[in-house]
Each structure stands twice: as C-alpha cells, then as structure tokens.
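The values are calculated or read from the model by the stated rules, or taken from the named source; none is laboratory data. Note that the coordinates shown come from a computational prediction; the quantities given were computed from them, not determined experimentally. Every residue, glycine as well, gets a Cβ built from its backbone with ideal geometry; the counts of neighbours run over all protein chains shown.
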Amino acid sequence: MDLIWTIVIGFIVGLVARFLLPGEDKLGFILTTICGILGGFLGGYLARYLPFLTQIPFSNFITATIGAIILLVILRIVRR
C-alpha cells in the first residue's frame, strides 16, 4: 500500500512542479510520476541541510516539489 501512495503523491508533486515551472515539457504520465518521486527523495535530502523547513506545515510536500523543480531544470538542460 505504501508503494501505491508513493506513486500517487509522486504524480501529484510532479504535476505541481510542472505547473510552477512554466515552459514546454513533453513528459508523459510515467516521467511526471518518476520526476515527482525522485523530487521527493531529493527534497528529503535537502531538508536535512535546511532544518527550518521541518517547522513549516506540509514541509514534506514543499521540499518534494522543490526537488522535482530542480530535476525538471536539470532535465531541460540535458535535453538541449
């Protein structure tokens, strides 16, 4: 059941990241979900070094979205 929630939340985070980062990304359902899941891991890693983020409500969602945005920027750079 945890795997299903990880996929669902990863997809939502990926959609929010794509919405907040304007531009044309030709990502499908699977790449959006993978971007959101990996963004969650990256955001969790960054949260260790920015302890003030843990005091904000929904900090896990916020850090996951920041991580997904970072991954989208890297993906855009690599695709060029």
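Things worth noting here:
- Residues of the stretch 1-27 satisfying the condition of being of a type in the set (Asp, Glu) and assigned to a helix (DSSP H, G or I): Asp2
- Positions within the stretch 43-80 being of a type in the set (Ser, Thr, Tyr) and either touching a Cys at 6+ places or on another chain (Cβ under 8 Å) or closer than 15 Å to Gly10 by Cβ (or both), in sequence order: Thr63, Thr65
- Unique residue being over 9 Å from the mean Cα position of the chain (by Cα) and surrounded by fewer than 17 Cβ atoms within 10 Å (Cβ to Cβ) when the list is Ile9, Ile77: Ile77
- Residue count, the stretch 23-69 (criterion: of a type in the set (Lys, Arg) and either closer than 20 Å to Arg79 by Cβ or under 11 Å from the mean Cα position of the chain (by Cα) (or both)): 1
- Of all residues in the stretch 28-59, those satisfying the criterion of being surrounded by 15 or more Cβ atoms within 10 Å (Cβ to Cβ) and either assigned to a loop (DSSP other than H, G, I, E, B) or modelled with pLDDT under 80 (or both) are Ala47, Leu53, Ser59.
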